[in-house]
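What follows is one structure encoded as structure tokens, with my remarks underneath.
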Amino acid sequence: METEELIAIQLYCTNEGIEASFVEALGERGLIRITTIKKQRYVEPEYLPRIEKLARMHYDLQINLEGLEAISHMLERMENMQQEMHILEQRLSIYE
């Protein structure tokens, strides 16, 4: 992946006013994917909305990293269940 497509964590955190260690911790817990190129740490743009959501929960609601991890997994499961329900509804509509 080209570095032009990636966002430097340090630059992003400076612009957003969050700690780089917070983003690094999200990466360590598997909540986002961090890429290292030439000792510089980057995040893919697709993870920015997730980082913003988790940062709001962490800083505004004082939810710790363990709580963010649990919430993230529960939200992911709910999204998967909603997708499954949508598929089942489509299949059911064939028989109506």
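The values are calculated or read from the model by the stated rules, or taken from the named source; none is laboratory data. A quick note: this is a predicted structure, and the numbers were derived from the prediction, not measured. Methodologically, a virtual Cβ is constructed for each residue, glycine included, from the backbone with ideal geometry; neighbour enumeration extends over all protein chains shown.
Show the residue pairs that are 6+ apart or on different chains and have beta-carbon atoms under 8 Å apart, the first residue being within region 15-39 and assigned to a strand (DSSP E or B), the second being hydrophobic (A, V, I, L, M, F, W, C) and surrounded by 15 or more Cβ atoms within 10 Å (Cβ to Cβ).
Ile34/Ile9; Ile34/Val23; Ile34/Val43; Thr35/Leu6; Thr35/Val43; Ile37/Leu6
Could you list, in sequence order, all residues of region 29-44 that are surrounded by 12 or more Cβ atoms within 10 Å (Cβ to Cβ) and of a type outside the set (Ser, Thr, Tyr)?
Scanning region 29-44 gives Arg29, Leu31, Ile32, Arg33, Ile34, Ile37, Gln40, Arg41, Val43, Glu44.
Enumerate the pairs (first residue in region 51-67 and touching a residue at least 12 places away in the same chain (Cβ under 8 Å) and farther than 21 Å from Arg33 by Cα; second residue anywhere and in a helix (DSSP H, G or I) and of a type in the set (S, T, N, Q)) with beta-carbon separation below 7 Å, excluding pairs fewer than 6 apart on the same chain, so at least 6 apart or on different chains.
Nothing qualifies.
Would you be able to say whether some residue in region 59-74 is touching a Leu at 6+ places or on another chain (Cβ under 7 Å), within 16 Å of Gly17 (Cα to Cα) and at pLDDT 95 or above?
For region 59-74, residues touching a Leu at 6+ places or on another chain (Cβ under 7 Å), within 16 Å of Gly17 (Cα to Cα) and at pLDDT 95 or above: absent.
Among (1) of a type in the set (Asp, Glu); (2) surrounded by 12 or more Cβ atoms within 10 Å (Cβ to Cβ); (3) more than 22 Å from Ile7 (Cα to Cα), where does Glu24 come up short?
Checking Glu24 against (1) of a type in the set (Asp, Glu); (2) surrounded by 12 or more Cβ atoms within 10 Å (Cβ to Cβ); (3) more than 22 Å from Ile7 (Cα to Cα), the one that fails is (3).
Which residues, counting only those in region 51-71, are among the hydrophobic types (A, V, I, L, M, F, W, C) and surrounded by 13 or more Cβ atoms within 10 Å (Cβ to Cβ)?
Once the filter is applied, which keeps residues that are among the hydrophobic types (A, V, I, L, M, F, W, C) and surrounded by 13 or more Cβ atoms within 10 Å (Cβ to Cβ), region 51-71 yields Ile51, Leu54, Ala55, Met57, Ile63, Leu65, Leu68, Ile71.
Quickly run through region 72-96 and pick out the residues that are surrounded by fewer than 11 Cβ atoms within 10 Å (Cβ to Cβ), among the acidic types (Asp, Glu) and part of a helix (DSSP H, G or I).
Across region 72-96, the qualifying residues are Glu79, Glu84, Glu89.
Among the candidates Tyr12, Tyr47, which residue alone is buried (at least 16 other Cβ atoms within 10 Å of the Cβ) and touching a strand residue (DSSP E or B) at 6+ places or on another chain (Cβ under 8 Å)?
Tyr12
Return yes when Lys38 is out of contact with any Phe, Trp or Tyr (no Cβ under 9 Å at 6 or more places or on another chain) and modelled with pLDDT under 95 and no when it is not.
Criteria met by Lys38.
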